[in-house]
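One structure below.
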């Protein structure tokens, strides 16, 4: 698709529970999507869907869910499974991006077990998360991902008590270069099924990985990344390098 | 003195002396050693304080609040043992006590005033047996180290409730912080409180109080603090001091924000879990609120600020209301956050029976605490250091900065050392958008400098106004080198919006370091804008590094003693 065809296009993003699932500065991800669309004259439309609010599985190109405190995550899990599960499955099946980060990632799986409690997840990713005794998995992290034939690095920070175990229906998002990843020992991080993606690289993931923001924008609009207008990414590249350095990669 | 503690004190002292000679700042090193040798050393030394100890804990403003409290207590003629440099875990507090301990078993000070790290409150309260604990606020802070706010709140609750290590302490709580006020209410409703006190939730001096301030005890304490030291030999937290809660807060509708800041926390009632409804938001999640589900409301504060006037980055004033009456307070510190710090210190003074006159005198004579709104002169240029370490604190600094007219030169220093938190995600929760259109030149430095630069770019500050100089000495030299006021052609007139191709470029360290070799301001030509201060926004370890650098260069005319 020619570059000029993108003008007049709109990227429609829906943030789920923006007031509750935002504990690690998740809004940084939304800022990055917004600016990188605006600089390319792609219109950006952001809406939110909170507790007890309707979610339209047809109306958005990217569905984003971030991390929250335990209490908030519990509230959201009930609401998500009770009221938004169907819409999210509709969205995923038509190829929209569903991106879950940290707590949001856990909720996209089949279940989350906390002691004697088992929370049901949305079931978009074939995985289970268990809160096990032991240290939280905290620190800078870098993973190698291969989204469409090219190996790239995502750098970030993880901080999770839950361990996530993938089953046969989900593939890992990436291979751990430095850090803990899904469970601290498998060597894998995150999960992917089609355009549904989950990762423990929490909070402002996209500011540290502008290339991934562009992949999300392009994929959500149904175009190749190469079709996006290139931007001066000297700040972005320096920030990515800084986050990689922090992880030791 | 116990037979065994003396030699340990001497050894720890000697280690401290060696460490100082070697130039290691290490304020907590001798204390760490002492605690290692004798786990009850803190308790044993603190028990020698004739008037016991008071503790200040919070995620934000501990050091400044304690500095204000020190000023108040000193105005009242009370000599203190105070960890004023902000070393606020066991090692730092043990070092402070060690420094005050005499060889004959005495201690040089009447009252211990300790700021305490929020995660150390339970353990230290168990050893210090405080008579008053100030719980000032809980903001999102260093999640990788501290975990979730509700986890901290839970630990605090365990500390102050019946059976906890601070069960006998009087509590001073921020009424405007729902999570903190909830702790006060849980305490007030706990079984510890004698039944007759519950009925006496009447009034002292016409001001409603919550459970404590039983008049007789209140007067007794006033007499005590002003009275002879000899009769005060009883230990801290005497049985006659009622457990109770004294609240402070702000009442000023003109301060209310249009909406809650993005990074606001503590939005749920601890009692029933429903979201609080805010009638006014003053700062982060501080304000007036109620729970529509269970009816929980913000408690009425006993110590109150009204008619708050914020005067840019320099000062603030407000009308202080206490059970002793009202007075105008003129703070030499800026921002609403310092008004809250002042209220916490004033409420601590009230809890200790200090007179209103001494409280006002103490608050007004408080200058900036270590690296907090401190003003220094670097290369002839006025440089204000405004510590930023988490979103709530950063937002208040940014809001205060935005009150100053004109465009500013900034030096942001983002470190990710352990004391800063390894996770720098928080910069995306801070509202740097407040600076859009107000930045002349932003220099970014520190271990994660490029990520701060990116944050500023996405806030909407033109990339042309942002440069990265990782190395702090170079960054400071470049940032303090005065910028040509009239030479703004490249910067001031650069209205070029971020275009798809992007005019912005990242200045690299080598290029910008040359600026550090410019002549000092005193020697440079008059076209330089002498009046414009430089604002430095460092994280905690960056602030320490910056101060060390300034002291070493002998350039800082520090107002901090």
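The values are calculated or read from the model by the stated rules, or taken from the named source; none is laboratory data. Keep in mind the model is a prediction, meaning the values are calculated, not measured. All Cβ positions, even for glycine, are placed from backbone atoms using ideal geometry, and neighbour counts span all protein chains on display.
Table for the structure above
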read-out: Lone unmet requirement of (1) within 14 Å of chain A (Cβ to nearest Cβ); (2) part of a loop (DSSP other than H, G, I, E, B); (3) modelled with pLDDT under 90 for residue B:389; value: (1)
read-out: Residue pairs meeting the criteria (Cβ under 7 Å; at least 6 apart or on separate chains; first under 27 Å from residue B:159 (Cα atoms), in segment B:100-123; second at pLDDT 95 or above and surrounded by fewer than 17 Cβ atoms within 10 Å (Cβ to Cβ)); value: B:109/B:79; B:110/B:79
read-out: Check on residue B:437, in a loop (DSSP other than H, G, I, E, B), without any contact (Cβ under 8 Å) to a residue 40 or more places away in the chain and over 18 Å from residue B:393 (Cβ atoms); value: yes
read-out: Residue in segment B:249-269 that is in a strand (DSSP E or B), modelled with pLDDT of 85 or more and either closer than 19 Å to residue B:173 by Cβ or not assigned by TED's automatic domain parsing to the domain that holds residue B:153 (or both) present; value: yes
read-out: Residue in segment A:189-198 that is away from chain B (no Cβ under 13 Å) and at positive phi present; value: yes
read-out: Residue that is surrounded by the most Cβ atoms within 10 Å (Cβ to Cβ) [pool: residues in segment B:435-469 that are more than 9 Å from chain A (Cβ to nearest Cβ) and farther than 28 Å from residue B:257 by Cβ]; value: B:445
read-out: Criterion: assigned by TED's automatic domain parsing to the domain that holds residue B:149 and crowded, with 16+ Cβ neighbours inside 10 Å - qualifying residue of B:14, B:43, B:47; value: B:47
read-out: Leading residue by the ranking (surrounded by the fewest Cβ atoms within 10 Å (Cβ to Cβ)) among those in segment B:272-285 that are modelled with pLDDT of 80 or more and assigned to a loop (DSSP other than H, G, I, E, B); value: B:272
read-out: Residues that are crowded, with 24+ Cβ neighbours inside 10 Å and either within 11 Å of chain A (Cβ to nearest Cβ) or assigned to a loop (DSSP other than H, G, I, E, B) (or both), drawn from segment B:394-414; value: B:414
read-out: Flag for residue A:13 being surrounded by 18 or more Cβ atoms within 10 Å (Cβ to Cβ), away from chain B (no Cβ under 14 Å) and touching a helix residue (DSSP H, G or I) at 6+ places or on another chain (Cβ under 8 Å); value: yes
read-out: Test: residue A:180 is farther than 30 Å from residue B:442 by Cβ, within 14 Å of another protein chain (Cβ to nearest Cβ) and surrounded by fewer than 23 Cβ atoms within 10 Å (Cβ to Cβ); value: yes
read-out: Selection from segment A:219-233 of residues that are under 16 Å from residue A:29 (Cβ atoms) and within 14 Å of chain B (Cβ to nearest Cβ); value: none
read-out: Answer residue from segment A:234-249, given it is assigned to a helix (DSSP H, G or I) and touching a strand residue (DSSP E or B) at 6+ places or on another chain (Cβ under 7 Å) and is nearest to the other protein chains (Cβ to nearest Cβ) among those; value: A:238
read-out: Total residues in segment B:292-314, condition under 26 Å from residue B:372 (Cα atoms) and surrounded by fewer than 16 Cβ atoms within 10 Å (Cβ to Cβ); value: 5
read-out: Test: residue in segment B:136-154 that is more than 14 Å from chain A (Cβ to nearest Cβ) and modelled with pLDDT of 90 or more; value: yes
read-out: Unmet criterion (only one of (1) closer than 19 Å to residue A:195 by Cα; (2) within 14 Å of chain B (Cβ to nearest Cβ); (3) out of contact with any helix residue (DSSP H, G or I) (no Cβ under 9 Å at 6 or more places or on another chain)) for residue A:75; value: (1)
read-out: Evaluation of residue B:432 against (1) within 11 Å of another protein chain (Cβ to nearest Cβ); (2) surrounded by fewer than 21 Cβ atoms within 10 Å (Cβ to Cβ); (3) within 23 Å of the chain's Cα centre (by Cα) (one fails), failing number; value: (2)
read-out: Test: residue in segment A:200-218 that is assigned to a loop (DSSP other than H, G, I, E, B), touching a residue at least 40 places away in the same chain (Cβ under 8 Å) and more than 14 Å from chain B (Cβ to nearest Cβ); value: no
read-out: Any hit, segment A:137-155, residues being exposed (fewer than 15 other Cβ atoms within 10 Å of the Cβ), within 24 Å of residue A:16 (Cβ to Cβ) and more than 16 Å from the chain's Cα centre (by Cα); value: no
read-out: Residues of segment A:97-120 satisfying the condition of being part of a loop (DSSP other than H, G, I, E, B) and surrounded by fewer than 24 Cβ atoms within 10 Å (Cβ to Cβ); value: A:110, A:115, A:116
read-out: Residue count for segment A:22-52, restricted to those that are away from every other protein chain (no Cβ under 14 Å) and surrounded by fewer than 18 Cβ atoms within 10 Å (Cβ to Cβ); value: 3
read-out: Test: residue in segment A:158-175 that is more than 14 Å from every other protein chain (Cβ to nearest Cβ), over 25 Å from residue A:88 (Cα atoms) and touching a strand residue (DSSP E or B) at 6+ places or on another chain (Cβ under 8 Å); value: yes
read-out: Odd one out for residue B:386, checked against (1) without any contact (Cβ under 8 Å) to a residue 60 or more places away in the chain; (2) assigned by TED's automatic domain parsing to the domain that holds residue B:546; value: (1)
